[in-house]
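Undergrad: Before we start, here is the structure in question, set down as structure tokens.
The values are calculated or read from the model by the stated rules, or taken from the named source; none is laboratory data. Given the structure is predicted, the values throughout are model-derived calculations rather than measurements. Cβ atoms come from the backbone with ideal geometry, glycine included; neighbour counts cover every protein chain shown. The area values use the complete protein model at the heavy-atom level, side chains included, leaving out ligands, DNA and RNA. Shrake-Rupley method; radii C 1.70, N 1.55, O 1.52, S 1.80 Å.
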Amino acid sequence: MHSLKEKVSDKIYNLFSTSSTPSSSSPQASTYDKEDKSWSSYFSHVIPSFRFGGSTTSKHQDDLKHVQSISARYDQENFRYQDIPMDEYADCNALNTPDLVKDETDEDPTSRRSSSSSEDFAEAKEQQTPIASKEHPLKLTEDSTFISYDLYEFFESCIPNIVKGCHWVLVYSTLKHGTSLRTLIRKSAELSGPGLLIVGDRQGAVFGGLLDCPLKPTAKRKYQGTNQTFVFTTIYGEPRLFRPTGANRYYYMCLNDLLALGGGGNYALCLHEDLLTGTSGTCDTFGNKCLAHNPEFELKDVELWGFTHDSPRP
């Protein structure tokens, strides 16, 4: 293609170089410049020996025809690849526009899932955050093996009004003080008022009761306490409270080798000296059924909590 162009350019250059220079500056040529003639007329005046449709030499006519045929053929070839009408581009843009808009507006499914997953994850986390940590913190001096926020709220609704809203003080824990009933009794001397006994079996039940502290072991089996004593359990799925029925006054009994709540038929809860095993059964005092998964059970942990109006020291 380049060689063809070069040949055409050489031909035109030769034609211009062979034309007479005086005629280019003749009055006739300048007259045609002013009158806005066609390019063919102007070209014929500039090159008098070369006219379109006029009498020329056969050599010049042949050269001109050859150049014109090459130019026409070249234009036709270029038109196929380059000279596409503008409305063709408009149609292509019109067809491509929806795809472009779709690419810009459609969300990436992975991004959407990630965003959705992130929002779901954030919402789940918000729901799982304990309410106590944001508005109503648990007033516990130490962590508990058993007390969750729901159980804490349950206890707050059950304990005597005189200690509601107080700080909870962990007086005894088998994790801290070992498994010994004597130690539990000795540590209860730090309290003056109600004490909440919380225990659990190996199957996950949490149960216990409210006692008067300090605990005072007796030499003989003798019941103590008041009608504020109660027992509870979570074996039914939700915390359940059993208060005295009035059938008797067997609230609780404390010996050096035994601690029991309730009476009349069975103990509602009985802990042995080593605090490793216990028993539970139907009791007339509180009208309860077995508090644990089984009448005889192995203890998981034992805790005794007291209450104080003063802020606990660090």
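Undergrad: Ordering SER180, SER192, SER157, SER173 by how much accessible area each has at a 1.4 Å probe, largest first, what is the list?
TA: Ranked list, largest accessible area first: SER192, SER157, SER180, SER173.
Undergrad: Another question about this same structure. The stretch 156-228: Rg/Rh from Cα coordinates, Kirkwood Rh? If you can, show how the numbers build up before the last one.
TA: Values: Rg = 13.2 Å, Rh = 13.8 Å.
Dividing the radius of gyration by the Kirkwood radius yields 0.96.
Undergrad: Once fully extended, how much extra length lies between ILE12 and ARG202, figured as 0.36 nm per residue of separation less the alpha-carbon to alpha-carbon distance?
TA: On the way: separation 190, 0.36 × 190 = 68.40 nm, distance 10.93 nm.
Result for the pair: 57.5 nm of gain on full extension.
Undergrad: Residue separation times 0.36 nm, minus the C-alpha to C-alpha distance between GLU190 and GLU156: what's the value?
TA: My answer for the length gained is 10.1 nm.
Undergrad: Using R₀ = 22 Å, calculate the FRET efficiency as 1/(1 + (r/R₀)^6) where r is the Cβ-Cβ separation of SER180 and ASP143; round to 0.05. Walk me through the intermediate numbers first.
TA: On the way: r = 21 Å, r/R0 = 0.97.
Step by step, r from the Cβ atoms, then E = 0.55.
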